[in-house]
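**Q** Encoded as structure tokens, here's the structure I'll be asking about.
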There are 2 protein chains.
Amino acid sequence: MSRLDSFLRRLEAQRSCLDMAAALVGGLDGPVLELGLGNGRTYDHLRQLCPDREIFVCERRLAAHPDCIPPVEFLLLGDMRDTLPAARLRLEGRVALAHLDPGTGDIAASRALAVELAPLILPLLRRDAVLVSEPQIASPDLVALPLPGGVAEGRYHLYRRVNSRSSP
Amino acid sequence: MSRLDSFLRRLEAQRSCLDMAAALVGGLDGPVLELGLGNGRTYDHLRQLCPDREIFVCERRLAAHPDCIPPVEFLLLGDMRDTLPAARLRLEGRVALAHLDPGTGDIAASRALAVELAPLILPLLRRDAVLVSEPQIASPDLVALPLPGGVAEGRYHLYRRVNSRSSP
């Protein structure tokens, strides 16, 4: 499998998981949280999937396509280790769908980041929220959901928030 | 269609066209010419498709994944407007498969570049060579080939070199 093949499989898995997540939270109120904007492609996909939801976006430094830059009031600009705790005031226990994809291509670094960020993301999720994540995340408050057809085990991850101990 | 959708379609079209081109030149001797290395994903795909061919790669400045950097003797480093004319000594009338993808996402700029580069690429192609190109290229020495199934007209291009007036 070439790097082109594996890149395509990753993007296809990402899209399938986002599509499924949007369907799964169809009956839940609450905003979307995009953890990392990057070039803005998945943000653009999320806003087409969820045209009626607020979409908050974390990003360290804007480098997205000009068409894919969120309105400033939805932008959490800075290191997520700072911006996620600061967002609790607005978002605690409210987010219906969150998406984490560090997109570095470095699996070990992605997992390490996920370990660090999970405790900051979970309090923002409402009960039954869906978390879509490229790195695997282990937490007693998350239950892995079956992946969409065609997505190989471990390539991408879908979780349901099952516990609301950290919610208000 | 989101930017994620359209990016996926472009990459899928690219891969399908490269796969078909490699099959089409199966009976022709000659090296491959990758016009732009970028992150090295299509170079990696080409070397898996054509393990027995030399693959020459043009690039202005190396920024590829370390696993996808060609051996130095196959690297034409610099502006293609300089390196392609300089490569005539080694490659004139020899290349069996060439691939051009400026990958800027800017269609007008890609087409303008293709207009400028076509007269520099064509002399390197052998008769019946296949040129895979993201931008459309108009030349009396190129005949458009049917695209692989699933690739929308205009998304990517496949050409056969039909005339060898510029070959030795």
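**Q** Looking at B:115, B:132, B:143, B:95, which one is of a type in the set (A, V, I, L, M), touching a strand residue (DSSP E or B) at 6+ places or on another chain (Cβ under 6 Å) and surrounded by fewer than 17 Cβ atoms within 10 Å (Cβ to Cβ)?
**A** Among B:115, B:132, B:143, B:95, only B:143 is of a type in the set (A, V, I, L, M), touching a strand residue (DSSP E or B) at 6+ places or on another chain (Cβ under 6 Å) and surrounded by fewer than 17 Cβ atoms within 10 Å (Cβ to Cβ).
**Q** I'd like the residue in the range B:6-46 that is acidic (Asp, Glu) and within 9 Å of chain A (Cβ to nearest Cβ) and, out of all such residues, is farthest from residue A:1 (Cα to Cα). Talk me through it step by step, then tell me what you get.
**A** First, the residues of the range B:6-46 that are acidic (Asp, Glu): B:12, B:19, B:29, B:34, B:44.
Restricting the remaining residues to those that are within 9 Å of chain A (Cβ to nearest Cβ) gives B:12, B:44.
On the way: B:12: 14, B:44: 9 Å.
Going through the qualifying residues, I end up with B:12.
**Q** Further question on the same structure: Among (1) acidic (Asp, Glu); (2) open to solvent by 60 Å² or more (accessible area, probe 1.4 Å); (3) in a helix (DSSP H, G or I), which single condition is residue B:44 missing?
**A** Among (1) acidic (Asp, Glu); (2) open to solvent by 60 Å² or more (accessible area, probe 1.4 Å); (3) in a helix (DSSP H, G or I), the lone unmet condition for residue B:44 is (2).
**Q** Pick out the one residue from B:127, B:155, B:161 that is surrounded by fewer than 23 Cβ atoms within 10 Å (Cβ to Cβ) and either small (Gly, Ala, Ser) or free of Cβ contacts under 8 Å to residues at least 60 places away in the same chain (or both).
**A** B:127
**Q** Would you point out the residue of the range A:49-68, among those that are over 20 Å from residue A:131 (Cβ atoms) and within 12 Å of chain B (Cβ to nearest Cβ), that is least open to solvent (accessible area, probe 1.4 Å)?
**A** By that ranking, first place goes to A:68.
The values are calculated or read from the model by the stated rules, or taken from the named source; none is laboratory data. Bear in mind the structure is a predicted one, so any value in this text is a computation, not a measurement. In this analysis, Cβ positions are derived from the backbone assuming ideal geometry, glycine residues included, and neighbour counts consider all displayed protein chains. Each accessible area value is taken on the protein alone, full model and side chains, heavy atoms only, with ligands, DNA and RNA left out. Shrake-Rupley method; radii C 1.70, N 1.55, O 1.52, S 1.80 Å.
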